[in-house]
1. With just the Cα atoms defining each centre, how far is the range 1-65 from the range 94-115? Give it in Å.
2. Count neighbours as other Cβ atoms within 10 Å of each site's Cβ, and list the trypsin sites (Lys or Arg not before Pro) in the range 63-115 that are DSSP loop with at most 13 such neighbours.
3. Which residues among the range 68-103 fall inside the zone where the amide N is under 14 Å from a point 7 Å beyond the Cα of S114, along Cα→Cβ?
4. Per the Cauchy relation, a quarter of the hull surface: what is the mean projected area of the convex hull of the alpha carbons in the chain, in nm²?
5. May I ask you to list the lysines whose Cα is less than 29 Å away from that of K43, ignoring any residue fewer than eight positions away on the same chain?
6. Assuming 0.36 nm per residue, please report the length gained on full extension of the stretch L11 to S73 beyond their Cα-Cα distance.
7. Normalising by the residue count of the chain, find the relative contact order in percent from Cα pairs under 8 Å and 6+ residues apart.
Amino acid sequence: QVRLVESGGGLVQAGESLRLSCVASGSIVIIRAMGWYRQAPGKQRELVAGFTSGGSTNYADSVKGRFTISRGSAKNMVYLQMNSLKAEDTAVYYCNALVGPRDFWGQGTQVTVSS
């Protein structure tokens with residue numbers, strides 16, 4: 001089992017920045033991949049940024065150049081630096097970990113960007 005806890009969401013104005021954090025606990029040695037997803041009202045959950053099992057990163061086209069995913073030295077933490085935020089970035093952001101064939105999710109953190 002893996003438990004994920006996100007933090008760092010909030011209300012900001014367009015153009016400002018936020019940094020999200022996710023800490024994993026439990027069976028973290030078997031985490032294959034981690035990343036961030038988001039879900040806006042009335043929309044499907046979508047990948048924002050993630051680390052693959054090989055350690056490479058991928059980003060949604062809509063956030064390339066503005067968001068950066070990184071990991072802590074202990075590998076059980078993942079961060080999402082979000083710059084130049086836009087109103088369309090408003091969503092609940094979820095941390096995700098892939099453990100074997102299973103996905104684990106955090107409780108989500110709300111990011112609201114006012115225009």
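1. Distance between centres, Cα-based: 6 Å.
2. Loop-located and lightly packed - K64, K75.
3. Within reach of a label on S114: 87.
4. For the chain, averaging the hull's shadow over all directions gives 6.8 nm².
5. K64, K86
6. 19.5 nm
7. Computed value for the chain: 37 percent relative contact order.
Laboratory data are not the source of any read-out in this text; all were calculated from the coordinates shown. Please read all numbers here as calculations on a predicted model, not as lab measurements. Here the Cβ is made from the backbone with ideal geometry for all residues, glycine too, and neighbour counts use every protein chain on show.
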